[in-house]
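To start, the structure itself, in structure tokens.
The values are calculated or read from the model by the stated rules, or taken from the named source; none is laboratory data. This one's a predicted model, so the numbers in the text were calculated from it and none came from an experiment. Here the Cβ positions follow ideal geometry from the backbone for every residue, glycine too, while neighbour counts run over all protein chains shown.
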Amino acid sequence: MKYFNIAIDGPAGAGKSTIARKIAEKLGFIYVDTGAMYRAMALYFLRNHINADHQEEIEASCQNVNITIEYRNNEQCVILNGENVNGLIRTEEVGKMASATSIYRSVRLKLVQLQQELAKKSNVVMDGRDIGTYVLPDADLKIYLTASAKTRAMRRWLELKDKGVQADIEEIEKDIIERDHRDMTREFAPLKQAEDAIYLDSSDLTIEEVVDKIMEYYYDKVKVSN
């Protein structure tokens, strides 16, 4: 049986995870949060006081990390060495460590294998920075979802504000721009739009409008394949 795979790529803060979850829910697909998997790896490094600049330590530690995805009560749970870490991986510190360590080939290869296996066994929606170009190059539908750095910074600032967290919007924007540069210039599987991906700028769109557009693209693909 051939399963339908949807790949959603784009820079940090573009809304990929939110959109991917909603698409998966509408279609009854499995949502694979690749960013959460990298964050779980980053959490392991932080807990074990491993510096992001120490490549040899990072590569050696990968052998001690097991990350799986389980669904419990229709919720995706990221399991790090047997522990559900859903509530621990969404901090700024973990996010920065995930971006800094995802440049290493050993980290990426460790996680890509699991992601590819999931896509072979199920209809999936997968989001990240190199899904359409590297992880699932044969995905049936590829979206490159982006937004301006200023828009992404504002979204992140509002998100933190709602949580009661004080933040400097200019610092957030600076961090986003730096993260974009790091993701786009890394040697292994850099962030870029796949040649056959649909470019979608969400700067002036609501979440619902983005979801509606991607659903239209999906139905167009299904019609063509049938």
### Query
Based on what the data block shows, is Arg47 more than 23 Å from Lys120 (Cα to Cα), outside the structural domain of Ile176 (by TED's automatic domain parsing) and either out of contact with any strand residue (DSSP E or B) (no Cβ under 6 Å at 6 or more places or on another chain) or touching a residue at least 40 places away in the same chain (Cβ under 8 Å) (or both)?
yes
### Task
Evaluate region 1-15: report whether one residue or more is in a helix (DSSP H, G or I) and either polar (S, T, N, Q) or buried (at least 20 other Cβ atoms within 10 Å of the Cβ) (or both).
no
### Summary
Flagged in region 187-226 as among the β-branched types (Val, Ile, Thr) and in contact with a strand residue (DSSP E or B) (Cβ under 8 Å, 6 or more places away or on another chain), in numbering order, are Ile198, Val210, Ile214
### Task
Pull up region 128-142, narrow it to residues that are among the acidic types (Asp, Glu) and out of contact with any Phe, Trp or Tyr (no Cβ under 8 Å at 6 or more places or on another chain), then point me to the one that is modelled with the highest pLDDT.
Asp138
### Enumeration of residues in region 47-81 that are small (Gly, Ala, Ser) and not in a helix (DSSP H, G or I)
Ala52
### Task
Take the residues in region 53-69 that are among the hydrophobic types (A, V, I, L, M, F, W, C) and surrounded by 13 or more Cβ atoms within 10 Å (Cβ to Cβ), then tell me which one is modelled with the highest pLDDT.
Ile58
#### Entry: Residues of region 22-42 that turn out to be assigned to a helix (DSSP H, G or I) and either in contact (Cβ under 8 Å) with a residue 12 or more places away in the chain or among the hydrophobic types (A, V, I, L, M, F, W, C) (or both), as a count
14
### Query
Say we look at region 82-94 and pick out the residues that are more than 22 Å from His181 (Cβ to Cβ) and part of a helix (DSSP H, G or I); which of these is nearest to the chain's Cα centre (by Cα)?
Asn86
### Message
So Leu109 ticks every box in (1) touching a residue at least 12 places away in the same chain (Cβ under 8 Å); (2) part of a helix (DSSP H, G or I); (3) among the hydrophobic types (A, V, I, L, M, F, W, C) but one. Which box is left unticked?
### Response
(1)
### Query
Are any of the residues in region 95-103 within 28 Å of Ile177 (Cα to Cα), within 13 Å of the chain's Cα centre (by Cα) and in a loop (DSSP other than H, G, I, E, B)?
yes
### Task
Looking only at region 86-95, count how many residues are touching a Lys or Arg at 6+ places or on another chain (Cβ under 8 Å) and surrounded by fewer than 17 Cβ atoms within 10 Å (Cβ to Cβ).
1
